[in-house]
Amino acid sequence: MSAAKVKMRQRKMKNQPASVQYTGRNGDGTPRSGSGQFDSGDANTSSTTETEPGARHGRFGGHQKLGGAPVKEIPRHILAGGFAFARSAEVRAMLKAVTKTTGSCHVFGALPKHMRRRAMSHNTKRLPCRLREMANRLREKSLQAGSKKKKEQAKCKSRKARRRHGNLLLEFNRRQRKNVWLETHIWHAKRFHMVKKWGYCLGDRPTYKCYRTCYRAMSNHCLLQDLSYYCCIELQGSEDNLLLSLSQLASKEAGPTFAAALSLSGRRQGSVVVYRAGQYPKQPLGPVTFLWRPRASGSTHRQLWIWAHPTLKKDLLSELQTVCQCSEVVLPPVLSEVKRPEVVSAAEDAEADKDSETKPSSGTKRKRGSKDTNEPPAKKILGDGTRSPGTPVTWKSSSTGTVINDLTMEIVRYRLIGPQSHSVLAQTLEAATDCDERIKSQPSCLWWPEHCKDANKMAAHQQQADVFHTLRGVFSTAELAPGTVLGLTVDDPRLTLPRKRVKSLPCVKEAQEVDEEKRRELVLRGVSEQCCQSFLWEQSVRDNVTENKISEQELNRMRSEVLVPGSRLSPTPQGRVPILLVQQPGKQAGHEMSSWGAGWDLLLPKGWGMAFWIPLVYRGVRIAGLSMSLKHSQHKGAPHFPHDYPDCPAGATHQEEQETELLQKFERRPPAKRTNYIKHGCLAPFCCPWQQLAEEWELMAGRGSQSMKEDSQGAMEVGGEMRSPPVDPTAEPPRHFTVLRNRKSLRLLSGWCRPTSSKGQRPCGVREGPPLDNAAKTSFLATHDMSVVWVRLSLLSKGKPELHAIVSVPTPEDLKLLDLDRTCSGPQEPPHKDNFKGKIRRPKKSPKKKNAGSLGETEGEEAQSTAETLQTSSSSSSDLVLGLWPDPLPSITTHCSRVTLGWVTQGDFSLTAGCGEALGFVSVSGLLTSISSQPLKHRGIVLLRNPTSLHYRFAKVNIEV
């Protein structure tokens, strides 16, 4: 055996027990003593000594070195007694080593492999009974070890205890402190990918593939969304004072305001973009929808609901308090000193159970104890109950009497999108029936029996029921006037819940029963002002309905008592719910797909969310989340808040968060798998620098189209960098860009762009305006030179636009290429050079100077300059990212071979148009400068290029008003 093998064998055998001694016999029968490591009874080991160098018989084990020990001869036979005695000693030593507890896993070493689990180290009850005492002793010893005692873990409840209704509510209420849950949260959490946004936990997209099915639901049937996270702000006061205050937040130039006649009457819902007081067209806050309560006879007191996105609520509320002079805070009523169960944490609840529970006797069932029998049971959070009790929700003005109430999460709002939304509502909801005389004669704490005693109120309710019945004869939701409002009181929809899920479709028989004259009058004249009333406006009625809702347990008991299983339950006085139905008009701008995506909004009192959600789901509607809400806006060609409002504070914040998210995703990829945006000529792949775009086009617009052509053809400088046009240091400070929302200016600009249908197939008829000449252009830019405009871009050929795609101006050669072939794909952008790539790489070590004197004077100067360059760039190399242009950015308009006009904020293949469509913003100055130099037949043609591509695609600009 070689020396290396001997050392290896010694390393392997060093852990064997060396204290085992036994006796054996040599080959000649004489007794011999030795260790268990070498055994005479084993035929595989050598034991005898070969003394004669010329031995011809016997086998020799191992290798004998020169001058080494004599070689031992392997015995020719073994004795059974000696062999068994030697093996028994080794077995005893092995068992002693296995059973000896000298390691961190000594307890588990006595277990078979299939029973060794990590969970056993935390819960000793999982171990066998014979090992529990030893494990407990070692656990106590480990807790006492060290200078600082480890805190003993709290006793964990069993799963059965954790799943009790009261404990579940406490845990759910605790988890809502940072992110509020909607009433449909549990339903969504089982079926959707949840995201935490805007202080809520919302469903983003389903866990199953349903993109096309959701689109088909929006186009042919019904799509359901939960919009309860939208904030509602209520204003109460004199009509004149409210209109005077709200007139400072909006302008008639941007469309109908809060004082529009149809909206002011309460028959229609209105929408408006809100600005800071007196700052139009600058400093916008965002879009809101509003709803006036119909006037009461002989009263000037009005009530207004304003619905806003949660990111807009804070700024909007402060502006309303300023213009309405509501600075006096009205504190909520003081609650009792009993600790609210919804704010009790799970740890406190576990400690309370541990203290209150006593060890039960054998054979008794363990019950949950209570530390205070007078403490109210755990209740589900309804409304915005997670905020502290001292948070103000009401403000009033002592001078004008105006009152502002924050009704966030006090009203549930569902949106049904699709032409058959009215069919779904007609089969889900049924108008409430009158109470019998026995109930009317008795005093009741419920609101509906008292309401039935008034004949005038019941007459108005009957009119509302007739209008709702007439909806069964309407073919599509889009037939009604935009924003139609209908008030109604309905029975509990759980009473008519079908036994299995069915798809609601228009019933021909029910449609024939509807009076044709009433249906025509409803479509032409709309809902009367009296039918727009609803008791949902009353705070006392909303609270009464919420508090007296029938529980699911009571409802199941009623179902079990019916004679015929599955038959309809009789309506109860507690099951009358006031609601509001608000028609959503869908697509209103442009000349194509009019009213696409129309539907209804269903407004309910809090606490009734799931009672209406499940019956709607059982009617075959498709459920959507936040992602499909964005796609709905994209198919309509409408801007989506806050994605498409870059001039609003919420839009700017969203763009910063989106840039950070996309940059982190980009940096997570390996460098070899990243797109080099510098070589693609894309300066800002993750954001859109609108301010810089507006400033550069403001300077370029005055130089004329000839200067723009020169910039587009010869703007590339040595090194691939672009320089911004020279800025006059004596000029005024740059102004902030704005989004053009003036209706008159938008119509004029839309006519100059010659709007066409999708794919630019045919021109759409528009009213002729003034011709586009230098005078008209100069007059238009005098007001809107720092503005960007919302546009819809339709690709003329194949292609799929992506987020942050670049919109550019085509050169005359590009338009000639389009004349030759209408289906041509487009020009190519020449590759750019990445001058930052060498600065990002780590500098290599300088070679050893063996012949320092052989370097010439010129070579030595070059080496010194290179070292200085690397040393200078080493300080900023840490901020550089491979493939991204560092700040500050050069000129973004003339950086590429085609002048940049703007960027895309939404882009995808449009299922409605059958081609790639993009939505985004372009500079007003750049658009006017480009279309004024284009021939009439090519007016409005631009180029579109994705950030990850060098290929331009021809697209047509449409400005829809």
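A few remarks follow.
- Chymotrypsin sites (Phe, Trp or Tyr not before Pro) restricted to region 160-210 and DSSP loop, no more than 10 other C-beta within 10 Å: Y208
- Length gained when the stretch N220-T322 is fully extended (0.36 nm per residue, less Cα-Cα span): 32.2 nm
- Accessible area, probe 1.4 Å, largest first, for residues C687, C232: C687, C232
- Once the chain from E657 to A260 is taken as fully extended at 0.36 nm per residue, the excess over their C-alpha distance is 139.3 nm.
- Accessible surface of region 531-644, 1.4 Å probe, proportion on carbon and sulfur as whole %: 51
- Approximating the spin labels as points 7 Å out from Cα along Cα→Cβ, the R130-to-F475 distance works out to 8.4 nm.
- Accessible area per residue for region 416-491, computed on protein heavy atoms with a 1.4 Å probe, is 38 Å².
- Treating r as the C-beta distance of S825 and L936 and R0 as 25 Å, the FRET efficiency rounds to 0.55.
- Evaluated with a Cβ-only charge set (Lys, Arg +1; Asp, Glu -1), region 521-568 carries a dipole of roughly 220 debye about its Cα centre, given to the nearest 20.
- Here the relative contact order of region 440-511, from alpha carbon pairs under 8 Å that lie six or more residues apart, stands at 32 percent.
- Around the Cα centre of region 127-248, unit charges on the Cβ atoms of Lys, Arg, Asp and Glu (plus for the first two, minus for the last two) sum to a dipole of about 1820 debye.
- Which listed pairs, of K673/K837; K457/K509; K125/K157; K744/K956; K190/K379; K96/K141, have C-alpha distances above 19 Å, in listed order: K457/K509; K744/K956; K190/K379; K96/K141
- Nearest-0.05 FRET efficiency for Q664 and K7, computed from C-beta distance (R0 60 Å): 0.70
- Estimated from the Cβ-Cβ distance and a Förster radius of 41 angstrom, the FRET efficiency linking A119 and K96 is about 0.85.
- Cα-projected label distance for K457 with F83, points at 7 Å along beta-carbon direction, nm: 10.5
- In terms of distances greater than 18 angstrom between alpha carbons, the cross-link table entries K816/K937; K380/K606; K503/K606; K587/K631 yield K503/K606.
- Region 518-669 - accessible surface per residue (Å², probe 1.4 Å): 44
- Accessible surface of region 160-231 [probe 1.4 Å, protein heavy atoms]: carbon and sulfur percent: 50
- Accessible area per residue for region 260-317, computed on protein heavy atoms with a 1.4 Å probe, is 39 Å².
- For region 446-522, carbon and sulfur atoms together expose 52% of the accessible surface, with a 1.4 angstrom probe and every protein chain in place.
- Region 408-424 and region 226-301 have Cα centres separated by 22 Å.
- Across K197/K500; K282/K800; K160/K500; K313/K396, pairs whose alpha-carbon gap is larger than 24 Å: K197/K500; K282/K800; K160/K500
The values are calculated or read from the model by the stated rules, or taken from the named source; none is laboratory data. Just so it is clear, the model here is predicted, and its values are computed rather than measured. Note that each Cβ is placed from the backbone with ideal geometry, even for glycine, and that neighbours are counted across all protein chains shown. Only protein heavy atoms, including side chains, enter the accessible area calculation; ligands, DNA and RNA are left aside. Shrake-Rupley method; radii C 1.70, N 1.55, O 1.52, S 1.80 Å.
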